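Take a look at the structure below.
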Amino acid sequence: MALREIVFLPEPILRRKAKPVTKFDKDLQTLIDDMIETMREAPGVGLAAPQVNIPQQLAVIEYAEGDDEEENEDAPPKPKKLFVIINPEITRASEEKVMGVEGCLSIPGLIGEVERHEAIQVKALNRHGNPVKFKLDGWMARIFQHEIDHLNGVLFTDRATQVWKPSEDDQTELD
Ligand code: NI
């Protein structure tokens, strides 16, 4: 495994629609493993292939479900869930939308408030090319929407109602 270099705005690849993955070969497996390592190292909660200069419909996401829920600070940390999504498609989206603060590894030094569907359903392929479906809500749904946007050349700043430079008090996870 190896770390990949994350590209930043205004790198044009971030603005292009990524191509569907068609080959589930060894190179793809290496890319996926590298992306997971790069996401963890950053650290981030998600990473899309265009962010490492690969114009393919692939993203990795790692987040502990329920992390956004208020809870007892003494409770043990929830286990993180790792997702690899290939050629993803949002098949259902709740009418209900929620605001949240997002950042992006490709747009350092800027965060913004973005409205997202509270819940979504996604169909995709896993790393072996087998179909998978996910029902997501809350912060997990937000991360998926952010990553799927990346595969269409869309960045959170396009959707943000306002953006600002984070202060030290802002603890926003990046993807
Ligand atoms: Ni991002």
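Brief remarks on what is shown
- Within the range 86-109, if we keep just the residues that are within 14 Å of the ligand (Cβ to nearest atom) and not aliphatic (A, V, I, L, M), the residue that is farthest from Val45 (Cα to Cα) turns out to be Gly109.
- Asp175 falls short on exactly one of the conditions (1) of a type in the set (D, E, K, R); (2) in contact with a Lys or Arg (Cβ under 7 Å, 6 or more places away or on another chain); (3) surrounded by 19 or more Cβ atoms within 10 Å (Cβ to Cβ), and that condition is (2).
- Failed condition for Gly129, given (1) buried (at least 19 other Cβ atoms within 10 Å of the Cβ); (2) assigned to a loop (DSSP other than H, G, I, E, B): (1)
- Neighbours by Cβ (under 7 Å, 6+ apart or cross-chain): first from the range 135-157, on the phi < 0 side of the Ramachandran plot and touching a residue at least 12 places away in the same chain (Cβ under 8 Å); second of a type in the set (Phe, Trp, Tyr) and within 14 Å of the ligand (Cβ to nearest atom): Leu136/Phe144; Trp139/Tyr63; Met140/Tyr63; Ile143/Tyr63; His146/Phe156
- Residues (hydrophobic (A, V, I, L, M, F, W, C), in contact (Cβ under 8 Å) with a residue 40 or more places away in the chain and either assigned to a helix (DSSP H, G or I) or within 16 Å of the ligand (Cβ to nearest atom) (or both)) located in the range 20-38: Leu28, Ile32, Ile36
- Single residue of Ala141, Ala160 found to be away from the ligand (no atom under 11 Å from the Cβ), at pLDDT 95 or above and more than 14 Å from the chain's Cα centre (by Cα): Ala160
- Residue in the range 66-88 that is surrounded by fewer than 16 Cβ atoms within 10 Å (Cβ to Cβ) and aliphatic (A, V, I, L, M) present: yes
Yes/no matrix, rows are residues, columns are (1) among the aliphatic types (A, V, I, L, M); (2) free of Cβ contacts under 8 Å to residues at least 40 places away in the same chain:
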site	(1), (2)
Arg15	no, no
Leu47	yes, no
Gln56	no, yes
Asp74	no, yes
Ile86	yes, no
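- Test: Phe83 is in contact with a strand residue (DSSP E or B) (Cβ under 7 Å, 6 or more places away or on another chain), more than 13 Å from the ligand (Cβ to nearest atom) and closer than 30 Å to Lys26 by Cα: yes
- One residue stands out among those in the range 39-64 that are more than 13 Å from the ligand (Cβ to nearest atom) and in a strand (DSSP E or B): the one that is farthest from Thr172 (Cα to Cα), which is Gln56.
The values are calculated or read from the model by the stated rules, or taken from the named source; none is laboratory data. Because the structure is predicted, anything quoted here is derived from the model rather than measured. Virtual Cβ from ideal backbone geometry, glycine too; neighbours counted across all protein chains shown.
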